[in-house]
Amino acid sequence: MPSDHAGERLQKVMARSGVGSRRAVEDLIKAGRVTVNGDTARLGQRVDPERDDVALDGVRIPIAPGLVHYLLNKPVGVVSTAQDPQGRRTVVDLVPAEPRVYPVGRLDLDSGGLLLLTNDGDLTNGLTHPRYEVPKTYRVLVKGRPSKAALGALTDGVDLDDGPARAVSVKVIDTAPEATLLEIVMAEGRNREVRRMCAAVGHETQSLFRTAIGPLRDASLRSGEWRPLTSDEVRALYEVAGV
């Protein structure tokens, strides 16, 4: 049964989360597109943002107070951790100090590109859980010009020290006499995995940048810049992460 305990009105909670205006939210509820704890919601219903699960079209809405979701374009040379024993600059240093957030996954020191930072534990667990295989897209500049066989090996699978690894897809973006720009999509993210895979087929990585996390892209973010995610972006991540 929908929650009936004391709390805030559902329309107010959903509007605050960025789904839409209260009038728009009321229309969604009337259309039967909103559920609370799995049951169809009703106008005027009260919910506890700390306890209740609210979903729109079957996709959960982050309504807990204090949740933040930042998209950062990580610069090369910045560490993808919350703290670094060596005192190097971390990705957490580049976003607001409060509330405290943590990176979802990581990009190695020599790599740059899109990185999500959040205090949303449910989303973090979903995005990092191997079961959901949330794709991540990289632009990778490698030395030389990989043959069709080498490119095929990346998608067929190569053996690494910590087990076999394979790309979801590999596409040649541009070529030069001494280097090739590839777009590589991965469904997992082991330590320096893309670099090690390219090395395994005979091509050293010169630069690597992540350009997408699931449906999330933003080519306008410059290196070191960040922005909060929109409500639609958060819901899209919830959907691909199975939250």
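Observations
- Taken over region 222-243, the residue count meeting the criterion of being outside any helix (DSSP H, G or I) and either in contact with a helix residue (DSSP H, G or I) (Cβ under 7 Å, 6 or more places away or on another chain) or surrounded by fewer than 16 Cβ atoms within 10 Å (Cβ to Cβ) (or both) is 11.
- Some residue of region 187-194 being at pLDDT below 95, under 30 Å from Pro62 (Cα atoms), surrounded by 16 or more Cβ atoms within 10 Å (Cβ to Cβ) and not acidic (Asp, Glu): yes
- Every residue from region 7-26 that is closer than 22 Å to Glu239 by Cα and open to solvent by 70 Å² or more (accessible area, probe 1.4 Å): Arg16
- Arg131 vs. criteria in contact with a His (Cβ under 9 Å, 6 or more places away or on another chain), open to solvent by 70 Å² or more (accessible area, probe 1.4 Å) and either closer than 29 Å to Pro62 by Cβ or part of a loop (DSSP other than H, G, I, E, B) (or both): no
- Cross-chain or 6+ apart pairs with Cβ under 9 Å, region 47-65 first and within 15 Å of Val234 (Cβ to Cβ), then in a strand (DSSP E or B) and open to solvent by 60 Å² or more (accessible area, probe 1.4 Å): Asp53/Arg60; Val54/Arg60
- Residue satisfying condition, being under 23 Å from Glu204 (Cα atoms), open to solvent by less than 50 Å² (accessible area, probe 1.4 Å), of a type in the set (Asp, Glu) and modelled with pLDDT under 95, within set Asp120, Asp108: Asp108
- Out of Val158, Val140, Val168, sole residue that is among the hydrophobic types (A, V, I, L, M, F, W, C) and open to solvent by 50 Å² or more (accessible area, probe 1.4 Å): Val168
- Residues within region 41-52 that are under 29 Å from the mean Cα position of the chain (by Cα) and not in a loop (DSSP other than H, G, I, E, B), tallied: 1
- Meets criteria (free of Cβ contacts under 8 Å to residues at least 12 places away in the same chain and of a type in the set (Lys, Arg)) for Lys171: no
The values are calculated or read from the model by the stated rules, or taken from the named source; none is laboratory data. Predicted, not measured: the structure shown is a model, and the values here were computed from it. So basically every Cβ, Gly included, is an ideal-geometry build from the backbone, and we count neighbours across all protein chains shown. The area values use the complete protein model at the heavy-atom level, side chains included, leaving out ligands, DNA and RNA. Shrake-Rupley method; radii C 1.70, N 1.55, O 1.52, S 1.80 Å.
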